[in-house]
Amino acid sequence: MWGIMRATRAIIHLERLKANLAEIRKRIGPKPAICIPVKADAYGHGAVRVGIAAIKAGAKFLAVASVQEGIELREAGIVAPILLFSLPIPEELEDVVRFHITPLVPDAEFAHLVGKTAEQLGEVLPVHIKIDTGMGRIGCRPETALELVKAIEAYPSLHWEGTATHLSVADSLDPDDRAYTEKQLERFNEAVDRLRQGGYNPGILHAANSGAVVLYENSYFDMVRPGLLAYGYPPIPSLSGIVPVKPVMELQTHVVFVKRVHSGESISYGRIWKAPQETSIGTLPIGYADGLPRRLSGKLSLSIKGVRYPLVGRICMDQCMIDLGRDSPVQRWEPVTVFGGTEADPTAADLAELVGTIPYEITCGINKRVPRVYVE
Ligand SMILES: *Cc1c(COP(=O)(O)O)cnc(C)c1O
């Protein structure tokens, strides 16, 4: 039924991805296109399957962070436009051109390098310019966008297709952050106006990540690029419900061993937990090497049929233990949800909060050893 069988697996609910895209569409209205970032193996969900599902659900663009990620999509037969969010080194440019991956161009030097490569290969490559309006990562200063466009124009091998910026605090409700985001959008609008006044068509304009989709209607332009929201998480917990999305990844494992322990007996490495009374302990074949952070030891409760059971003792590399209680009805071989099953279950955001990180890091951290099982 499940393809690859392993007791521990990430069930990827593509039907929820589709529903999340429908919610995003409801939010942004009929006009803006949707670009789905599938970088980092689609935030751990599997780039190829997610990419195909996203396009079927109406996404026009996909986006990756590395050339290699773009190649993976092309080799799987995906022909949709693929944006490249990070900068490649010159040695990677041939692949950028050959695999028709659309780079974000931040300066004239990069425009020359990629323009020449495309020229040598006899191709015409679409590019978007990237304007740094305050993220401080890659992009030209807004006042130099016109120069950059002229550098691109010098190469018939480049087709200037769009203009982008990225927002650094769009997921924050803090008044200073809100003012900063408005300032970034204003700078972007001014730069775009200057390009138009210079006689250019800036093409597809895009700026919005998940936070901006939820909070800034004036950031939608011609295309939005929500990642986290598509995967089922609001940008911050207090913004949940505005765009009602559901976790796409359900991390599941199984109870593979159950034993009785007596009061005072210890569980796992370091003996940090001792049974306060007689109880049943279940062993699960999932550990930090699967991406369950070791720092969750003693903090998280996992869900069996909607009932929570606390992790006890240290999380090991490949296994961990839960306290099933004295008179638990839980049987050996029962499935256990770590996160993302039903609404009663923990979410990746809950795990993230317990260890002081963000849900992105939790889903990205579920690694290769955990098979992805796709349900539509
Ligand atoms: C990762 C990324 C996004 C998506 O961010 P989310 O917070 O997941 O919505 C959008 N744009 C750029 C440039 C990115 O690097």
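Mean shadow of the stretch 166-307, computed from the convex hull of its alpha carbons, in nm²?
On the way: hull surface 51.6 nm².
Convex hull of Cα atoms, orientation-averaged projection: 12.9 nm².
Please give every one of the aspartates and glutamates within straight-line cross-link reach of residue 116, meaning a C-alpha to C-alpha distance under 15 Å, and leave out same-chain neighbours fewer than 8 residues apart.
91, 92, 94, 95, 107, 153
Spin-label point model (7 Å from Cα, Cβ direction): what's the residue 305 to residue 353 distance in nm?
Here the modelled spin labels are 2.7 nm apart.
Under 18 Å from the Cα of residue 259, which aspartates and glutamates turn up, not counting those fewer than eight places away in the same chain?
278, 323, 327, 334
Taking the Cβ of residue 346 as the centre, find all other residues whose Cβ is under 12 Å away and add up their charges (Lys, Arg: +1; Asp, Glu: -1).
Details: positive: 299, 308; negative: 250, 343, 345, 350, 353.
So the environment of residue 346 carries a net charge of -3.
Which links in 31/150; 56/368; 60/246; 18/130; 60/305; 56/299 stretch past 31 Å when you go from one Cα to the other? Mind dumping the intermediate values first?
Details: 31/150 29 Å; 56/368 25 Å; 60/246 22 Å; 18/130 29 Å; 60/305 38 Å; 56/299 39 Å.
Distance filter (> 31 Å) returns 60/305; 56/299.
Rounded to the nearest percent, how much of the accessible area of the chain (1.4 Å probe, protein heavy atoms only) is carbon and sulfur?
Values: 8660 of 16570 Å².
Accessible surface attributable to carbon and sulfur in the chain totals 52 percent.
Give the span of the chain's Cα atoms along each principal axis, as three whole-Å numbers ordered largest to smallest.
So the extents along the principal axes, rounded to whole Å, are 79, 46, 37.
Spin-label point model (7 Å from Cα, Cβ direction): what's the residue 368 to residue 262 distance in nm?
4.6 nm
FRET efficiency for residue 86 and residue 295, Cβ-Cβ distance as r, R0 = 22 Å, nearest 0.05? Working shown, then result.
On the way: r = 28 Å, r/R0 = 1.28.
FRET efficiency, residue 86 to residue 295: 0.20.
Given only helices, namely DSSP H runs of n ≥ 4 each adding -39500 (n - 2.57), what is the per-residue ellipticity at 222 nm of the chain, to the nearest 500 deg cm²/dmol? The partial results should precede the final answer.
Values: 11 runs with 111 residues, N = 376.
The helix-only estimate for the chain comes to -8500 deg cm²/dmol at 222 nm.
With a 1.4 Å probe and every protein chain left in place, work out the accessible area per residue of the chain in Å², rounded to a whole number. Walk me through the numbers on the way to the answer.
Values: 16570 Å² over 376 residues.
Dividing the accessible area of the chain by its residue count gives 44 Å².
Compute the projected area of the convex hull of the Cα atoms of the stretch 109-225, averaged over all viewing directions, and report it in nm² to one decimal place.
Numbers: hull surface 28.2 nm².
If you wrap the Cα atoms of the stretch 109-225 in a convex hull and average its projections, you get 7.1 nm².
Using alpha-carbon pairs under 8 Å, 6+ residues apart, how would you state the relative contact order of the stretch 226-283 in percent? Could you put the intermediate results ahead of the total?
Numbers: 67 pairs, mean separation 15.1, N = 58.
That works out to 26 percent.
Please work out the C-alpha center-to-center distance from the stretch 317-350 to the stretch 89-137 and express it in whole Å.
Measuring centre to centre over Cα atoms gives 47 Å.
Which whole-angstrom value gives the distance between the alpha carbon centres of the stretch 175-222 and the stretch 265-280?
So the separation of the two Cα centres works out to 55 Å.
The values are calculated or read from the model by the stated rules, or taken from the named source; none is laboratory data. No experiment lies behind these values; they were computed from the predicted model shown. No Cβ is skipped: glycine too gets one built from the backbone with ideal geometry, and neighbour counts run over all protein chains shown. All accessible areas refer to the heavy atoms of the entire protein, side chains included, with ligands and DNA or RNA removed. Shrake-Rupley method; radii C 1.70, N 1.55, O 1.52, S 1.80 Å.
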